[in-house]
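Bear in mind these aren't lab numbers, they're just calculated from the coordinates by the rules spelled out. Predicted model, so just to flag it, every value in this text is computed and none were measured. With ideal geometry, Cβ positions are generated from the backbone for all residues, glycine too; neighbour counts draw on all protein chains shown.
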Amino acid sequence: MTMPKIHVKKGDTVLVITGKSTGKKGKVLEVLPKEGRVVIEGVNVVKRHTKPTQKLPQGGIIEKEAPIASSNVLLWCGKCNNAVRTGKKILDNDKKVRVCKKCGEILD
């Protein structure tokens with residue numbers, strides 16, 4: 001089975017377009033290409049019951065971000081100030097970059 005292509009990278013700003021977190025904007029913290037999912041800062045926060053560890057000596061209930069499907073997010077274009085679809089463009093030095101479909105701005 002081939003891994004699905006993911007259109008966002010770690011550090012990108014994205015907008016959630018479907019699901020319980022619709023309309024929330026955040027930074028991509030982690031990309032999980034095998035599952036086709038992304039972890040976004042402040043989106044899909046769940047509570048986890050954790051045992052005490054050396055890192056977290058008291059244990060207890062902690063809140064952390066859970067992954068959501070990458071198809072549920074759109075990349076944020078700073079120039080358009082909107083969530084946009086992206087395309088690929090090859091520059092003169094044979095480098096592939098992502099571009100905004102609305103304004104043509106280079107997003108990489």
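When each of the peptides 9-15, 79-85, 34-40 is scored by the mean number of other C-beta atoms lying within 10 Å of its residues, the order from highest to lowest reads 34-40, 9-15, 79-85. Remark: the stretch 38-51, residue by residue, has Karplus-estimated 3J(HN,Hα) of 9, 10, 10, 4, x, 10, 6, 7, 10, 9, 10, 8, 10, 6 Hz, where x stands for each Gly or Pro and the curve is 6.51 cos²θ - 1.76 cosθ + 1.60 at θ = phi - 60°. Seen from a random direction on average, the alpha-carbon convex hull of the chain projects onto 9.5 square nanometres.
Distances between placed amide hydrogens fall under 5 Å for D12 paired with V28, all partners being 5 or more residues away or on another chain. Converting phi to 3J(HN,Hα) with the Karplus coefficients 6.51, -1.76 and 1.60 and the offset θ = phi - 60°, the stretch 4-17 yields x, 6, 10, 8, 10, 10, 4, x, 5, 9, 10, 10, 7, 9 Hz in sequence order, with x at every glycine or proline. Across the chain, the mean sequence separation of Cα contacts (distance under 8 Å, 6 or more residues apart), normalised by length, yields a relative contact order of 20 percent.
Backbone N atoms of the stretch 58-87 closer than 20 Å to the 7 Å Cα→Cβ label point of K51 belong to residues 58-64. Each residue of the stretch 92-108 is assigned a 3J(HN,Hα), and the resulting list reads 4, 8, 6, 9, 8, 10, 8, 10, 6, 6, 7, 10, x, 5, 6, 9, 7 Hz, derived from the Karplus form 6.51 cos²θ - 1.76 cosθ + 1.60 (θ = phi - 60°), x at Gly and Pro. Once backbone amide H atoms are built at 1.01 Å from N, V73 has I17 as its partners under 5 Å, excluding neighbours fewer than 5 places away on the same chain.
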